[in-house]
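Take a look at the structure below.
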Amino acid sequence: MNTSTLQDLELRALQQRNDLHQTATELKTKITTVREKLDVATNARKHFTGAAMILGALCLVSGYGVAGRFTQAAGRRIADANA
C-alpha cells in the first residue's frame, strides 16, 4: 500500500473513533436526562397536590355511589315491607 493511502486510512479511522465517542457521550447524556424526567419519586413529589385532589374526588364519588346503592336497596326493602 501507498504511504499516503495508509495515512489517509489512519486519519479516517481516528475521525470515526472520535465521532463514535462523541455519539456515545451524547447517548449517555440523553439517557440520564430521560431517567431524570421519568423518575417516579420526583414526579410524585412534583405532582402530589393534583394527584391527591383527583384521587380524593374519585374516592368521594365512588363512596357516594356505593352508599347510594345501599340506600336504594334499604329503601326498597322498607317500601316492600310497608306494602
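Do the conditions hold for Lys46, that is, is it among the basic types (Lys, Arg), modelled with pLDDT under 95 and either in contact with a helix residue (DSSP H, G or I) (Cβ under 6 Å, 6 or more places away or on another chain) or surrounded by 10 or more Cβ atoms within 10 Å (Cβ to Cβ) (or both)? Working first, answer last.
Numbers: among the basic types (Lys, Arg): yes; modelled with pLDDT under 95: yes; either in contact with a helix residue (DSSP H, G or I) (Cβ under 6 Å, 6 or more places away or on another chain) or surrounded by 10 or more Cβ atoms within 10 Å (Cβ to Cβ) (or both): yes.
The answer is yes for Lys46.
Look at Thr23 and say whether it is modelled with pLDDT under 95 and part of a helix (DSSP H, G or I). Steps first, please.
Working: modelled with pLDDT under 95: no; part of a helix (DSSP H, G or I): yes.
When the stated conditions are applied, Thr23 does not pass them.
I'd like the full set of residues that are modelled with pLDDT under 85 and either loosely packed, with under 10 Cβ neighbours inside 10 Å or not hydroxyl-bearing (Ser, Thr, Tyr) (or both), limited to segment 59-73. Talk me through it step by step, then tell me what you get.
Of segment 59-73, the ones modelled with pLDDT under 85 are 68-73.
Matches in segment 59-73: Gly68, Arg69, Phe70, Gln72, Ala73.
The values are calculated or read from the model by the stated rules, or taken from the named source; none is laboratory data. Note that the coordinates shown come from a computational prediction; the quantities given were computed from them, not determined experimentally. Ideal geometry is used to build each Cβ from the backbone, glycine not excepted, and the neighbour counts take in all protein chains shown.
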